[in-house]
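The structure appears right after this line, and notes come after that.
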Amino acid sequence: MFKQLSKITKSQIFIVFELILIAGIFFGKYIIIDNTDVIYVFSIILIFVFLIFSFYQKELTIIFVCGIIFFSGLLYYNWFRIKITPPKIELGSEVELEGIIYEEPDEKETKTQLKVNITNAIEANDNIISRNVLVTLEKYPQYKYGDIIQFKGEIEEPQKFEDFDYKNYLSRYNIFYIVKNAKASLIDINRGNLLLNNIYKIKARSANNIRRLLPEPFASFLNGLILGLRRGIPQNILDAFNATGTSHIIAISGLHIAILVKYYQIFTKRWPQKMVFILGIAGLSFYCILTGLRSSVVRASILAGSFLFARQIGRKASVVNVLVFIAFLMVLQNPLILHYDIGFQLSFLAVLGIVYLSPLFNLLFNKYLNFVPKILRDILSATFSAQIATMPIIILNFGQISIISPVVNLLILPALPIVIPLSFLMLIFSFINFTIAKCISILVWIILKYIIYITNEFSKLQISKINIALSSWQAISFYYIILVLIIYFFQKKYKLKQKYLYD
Amino acid sequence: MIKNKFKNKKNIITKYILGFLLIFAILVWALVFEKPDNNLNIYFLDVGQGDSIYIRTINNIDMLIDGGPGSKVIYELANAMPFYDRKIDFILLTHPHSDHVSGLIEVIKRFDVGQVILTDATSSSKDYLEFLTIINQKNIPTKIVRSGDEIHLDNHTKFKVFWPNSSYKDKSVTNLNNTSIVGKLSYYDFDVLFSGDAEDEAQKEIIELFKDELDSEIYKVAHHGSKNGVLEEFINIINPEISIICVGDKNRFGHPHQILLDNLTKQGSKILRTDANSTIKIISDGQSYWTKTRK
């Protein structure tokens, strides 16, 4: 056994450790430790046990190290949970608070939601200071990121609805209190982070220009497609995307980033390598912040960044290594996303599916669908792979799956590499010369119209989706174990190579 | 070899040209399908509990009367206007209540607006102030109208203002509804009366001032059919063939009121409602007219 262990490379050991820690953090939800002191004592004991064993029992060290890492994961989750657990506050009481808007306002039909970090408790318990509160108020006047406001209202805890745990949902954003129908007044402006302030300004102006160029629902759709804004897309269109299994195109994800990076590469072909790398990383970071630091965008951007880095140093980077590392970082930053962020789960499963399953589908399609253009075969195998990998989670959370998804994806995905660069071109021109932007907007409109038309028509089909209820974790585990075994079997049989970020 | 290369290049160029022609063809067809007919089109938009009416003349001059609550009007306008048209020539605000002004904020942000028409009755409500701020920011010319004024949309289509008959500047107004712009849109022999939220008091005075001019084929019922605007005499003088009530489904005010519905039926007018019929479209060639409803 130990002979085998010595064959493992450094990076593989690293991955295993990361995975064990993630597992530990995952199970931390079920093994509850309610006292910080206990956590500290445990941590010290662990270090001692580790030192003793590494002195006397060298052979077993690895196993103990694994155990300790797992245990650290458990402790870390509990420590984090205690850290963010809200202080006791008299709920349902009228409060008056002052705080800074730390994220862009979320504008709804007639209301606006603000995330406010409390700096001053005017008429409330001081416990609330430095906590985050979700404030709902009338749409006008509009507030911005970095504004300091004073507001009055009744402070409450978010509710659990029948089909949606609002409390859990908000907890992952570190929000435990809400104030509905607040009365607010502006105290000061521009007090946020200077960089964020400017990026959000650019975002707001971009979104505005798109709204001036295109009619609804195309403007909202495009704002979702390239700026990550999901508000304003009419419910019937969202439903159509869900029913046809294409809602991933309105959430910016790996596909979008891959398209952007590809065009970036073509554009910078003749530029010096180092500059391409530095500008690329800067651009990706900018885009991440611009689109609101969603897990799918962050994941895809780090992946793309690693790709640029690997090219820069002339080495190959394995997709899975990078992926696990990203997951590790994101979970470390906020362990709650492991349980409460469906987007996080889906986005990682989808990429893993594409990495491991698409080579199998490619084999199949290359054999039997030879007459189809390669790009369409690639789309088909990626869609199938992602869908198989994410199916149980989708059923668990949404109670339905789409069966015509591959067909619809096949029809609309080829439009993305055309519409995304065109939209960016239109957006850039909207700041320079509005007439040129208007001309481009006609082309953009045609393609968007096509995408929405196709999804709408297909969603009307009776067979487009099946409703299934599934809630047992045993069934889900069983599904994934079988899936892993199948992948393992076929990989052995066809000697499929590991995927590198190079190709 | 060189010839071959040349041939390849030629091939690529042909492909580009073909691609371009394809896009051009799609474009032309898109424009053809979006081409407006040679009629006056009036849309009573389904914006919920509020008023919003979009008018488009044969010369493609357009006017939006009120914007309803929320921003539903944006989505409705997208259906009524051709996709390339991002300009609205006239926006008319009857009075500064939320269910008339709110939607206009988003409209003004998104469209190029030629002129905003309103009265000098003001309100301190948040959305009305935002509306004024944005008009200022975008430097849009405004015009305050009084009874007798005429707005010429194009050579054949005009909007004549019947109300208000006095200035509200520096006056305290007890009921903003009675400051509503009331007026008649005429296209050759076809007339539509728009009455904002004007209630009985205002209706009485309008009758005194413009008794002979009120007669219209279509009547946009005052104040969403509230019981405060049901003056029987007013309806008799207008003598509408179709009355349109802009009202939200299951609204909390209980609009429209039964007395009004009875009065309209007694008068022999057909009733169309945005809650039951959704968006209502009236098309006229200047002599006759016909209606299309979404539901």
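Worth pointing out:
This table checks each residue for (1) under 22 Å from B:VAL73 (Cα atoms); (2) surrounded by 14 or more Cβ atoms within 10 Å (Cβ to Cβ); (3) touching a Cys at 6+ places or on another chain (Cβ under 6 Å).
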position: B:SER216; (1), (2), (3): no, yes, no
position: B:ALA222; (1), (2), (3): yes, yes, no
position: B:GLY229; (1), (2), (3): no, yes, no
position: B:LYS250; (1), (2), (3): yes, no, no
position: B:LEU260; (1), (2), (3): no, yes, no
position: B:SER278; (1), (2), (3): yes, yes, no
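- Within the span defined as segment A:44-63, one or more residues are small (Gly, Ala, Ser), more than 33 Å from the chain's Cα centre (by Cα) and over 30 Å from A:ARG172 (Cα atoms).
- Residue match in segment B:61-81 (condition: more than 14 Å from chain A (Cβ to nearest Cβ), within 19 Å of B:VAL192 (Cα to Cα), surrounded by fewer than 24 Cβ atoms within 10 Å (Cβ to Cβ) and free of Cβ contacts under 8 Å to residues at least 40 places away in the same chain): no
- Selection count, segment A:185-220, where residues are more than 30 Å from A:LYS438 (Cβ to Cβ), in contact (Cβ under 8 Å) with a residue 60 or more places away in the chain and within 14 Å of another protein chain (Cβ to nearest Cβ): 0
- Checking each residue in segment A:89-112 for being among the polar types (S, T, N, Q) and modelled with pLDDT of 85 or more picks out only A:THR112.
- Boolean, B:LEU214 is over 28 Å from B:ALA121 (Cβ atoms) and touching a residue at least 24 places away in the same chain (Cβ under 8 Å): no
- Matching residues in segment B:167-188 - criterion: being in contact with a His (Cβ under 7 Å, 6 or more places away or on another chain) and assigned to a strand (DSSP E or B): B:TYR187
- Count of segment B:208-225 residues, restricted to those that are out of contact with any helix residue (DSSP H, G or I) (no Cβ under 6 Å at 6 or more places or on another chain) and assigned to a helix (DSSP H, G or I), is 7.
- Residue satisfying all of: in segment A:165-193; exposed (fewer than 14 other Cβ atoms within 10 Å of the Cβ) and under 18 Å from A:LEU91 (Cβ atoms); modelled with the highest pLDDT among these: A:ASN181
- The residues of segment B:57-84 that are closer than 19 Å to A:LYS438 by Cα and among the small types (Gly, Ala, Ser) amount to a single one, B:ALA78.
- Applying the condition of being within 13 Å of A:GLY224 (Cβ to Cβ) and out of contact with any Cys (no Cβ under 9 Å at 6 or more places or on another chain) to segment A:291-304 and asking which residue is surrounded by the most Cβ atoms within 10 Å (Cβ to Cβ) yields A:SER296.
- Test: residue in segment B:152-162 that is part of a strand (DSSP E or B), in contact with a His (Cβ under 7 Å, 6 or more places away or on another chain) and surrounded by fewer than 23 Cβ atoms within 10 Å (Cβ to Cβ): yes
- Annotation: A:ASN223 fulfils all but one of (1) more than 10 Å from chain B (Cβ to nearest Cβ); (2) surrounded by fewer than 20 Cβ atoms within 10 Å (Cβ to Cβ); the unmet one is (2).
- Screening segment A:113-133 for residues that are crowded, with 20+ Cβ neighbours inside 10 Å and of a type outside the set (D, E, K, R) and picking the one that is modelled with the lowest pLDDT gives A:ILE128.
- In this entry, B:GLY268 passes the filter for residues that are more than 21 Å from the chain's Cα centre (by Cα), without any contact (Cβ under 8 Å) to a residue 60 or more places away in the chain and more than 15 Å from B:PHE44 (Cα to Cα).
- Filtered residue count, segment A:209-250, keeping only those that are among the polar types (S, T, N, Q) and under 22 Å from A:ILE418 (Cα atoms): 6
- A count restricted to segment B:246-280 and to residues that are more than 18 Å from B:GLY196 (Cα to Cα) and part of a strand (DSSP E or B) stands at 1.
- Residues that are more than 11 Å from every other protein chain (Cβ to nearest Cβ) and outside any strand (DSSP E or B), drawn from segment B:109-131: B:THR119, B:ASP120, B:ALA121, B:THR122, B:SER123, B:SER124
- Given (1) assigned to a loop (DSSP other than H, G, I, E, B); (2) within 18 Å of B:LYS87 (Cα to Cα), index of the condition B:ILE135 fails: (1)
- Among the conditions (1) touching a helix residue (DSSP H, G or I) at 6+ places or on another chain (Cβ under 6 Å); (2) away from chain B (no Cβ under 13 Å); (3) not polar (S, T, N, Q), A:ILE447 misses just one, which is (2).
- Residue within segment B:175-182 that is within 19 Å of the chain's Cα centre (by Cα), assigned by TED's automatic domain parsing to the domain that holds B:GLY148, modelled with pLDDT of 90 or more and among the hydrophobic types (A, V, I, L, M, F, W, C) present: yes
- Condition check for B:ILE237: outside any loop (DSSP other than H, G, I, E, B), surrounded by fewer than 23 Cβ atoms within 10 Å (Cβ to Cβ) and at pLDDT 90 or above: yes
- When segment B:82-108 is limited to residues that are surrounded by 23 or more Cβ atoms within 10 Å (Cβ to Cβ) and among the small types (Gly, Ala, Ser), the one that is farthest from the other protein chains (Cβ to nearest Cβ) turns out to be B:GLY103.
The values are calculated or read from the model by the stated rules, or taken from the named source; none is laboratory data. These figures come from a predicted structure and were not determined experimentally. Ideal geometry is used to build each Cβ from the backbone, glycine not excepted, and the neighbour counts take in all protein chains shown.
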